[in-house]
Amino acid sequence: MSGFGDDEEEYRGTVTVVLPGPDSGEGGAAVEVDAHLAGNFSPLTGDYRWRGRLSASPEVTSAFRDGTRTVVVRTPDGFEGTGDLGEPNLWGGHPVTGAGSPPFAVPRIDVEELDD
């Protein structure tokens, strides 16, 4: 994915995509795929925005075709974020976007330390 800037945090590697269950919306299948994710703080909206692409997965594509649009993306370090799936790309993978806590580590900033 082009356009990942120098001021963005980034993650490349395996993620677990948690698909919603058939009835409750929770507790569905967990699928491992490769991902490239990046994000940054948005001063205009005041939240953290992240985006990326997931590698091709028949399970994710099948869930998308069945109407799934929201998934949980989790990295092996235990970080997770809720994201929205996009239409499959030419290679069969899916773009994913989210706002709020990202599925990867980001630097913590102590606002009080900035005032010194």
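At a glance:
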| item | result |
| --- | --- |
| Area of residue 42 that stays accessible when all protein chains are in place (1.4 Å probe, Å², to 10) | 20 Å² |
| Two-site label geometry, residue 47 and residue 8: point separation in nm, points 7 Å out along Cα→Cβ | 1.8 nm |
| Quotient of C-alpha Rg and 2.2 N^0.38 Å, computed over region 15-81 | 1.20 |
| Accessible-area value, residue 64, 1.4 Å probe, nucleic acids and ligands omitted, Å² | 10 Å² |
| Carbon + sulfur, % of accessible area of region 15-74 - ligands and nucleic acids excluded, 1.4 Å | 49 percent |
| Accessible area in square angstrom per residue, region 32-106, 1.4 angstrom probe | 53 Å² |
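The values are calculated or read from the model by the stated rules, or taken from the named source; none is laboratory data. Quantities reported herein were computed from a predicted structural model and do not represent experimental measurements. Neighbour counts are summed over all protein chains in view; Cβ atoms, including those assigned to glycine, are modelled from backbone coordinates with ideal geometry. Note: areas computed on protein heavy atoms with side chains; ligands, DNA, RNA excluded. Shrake-Rupley method; radii C 1.70, N 1.55, O 1.52, S 1.80 Å.
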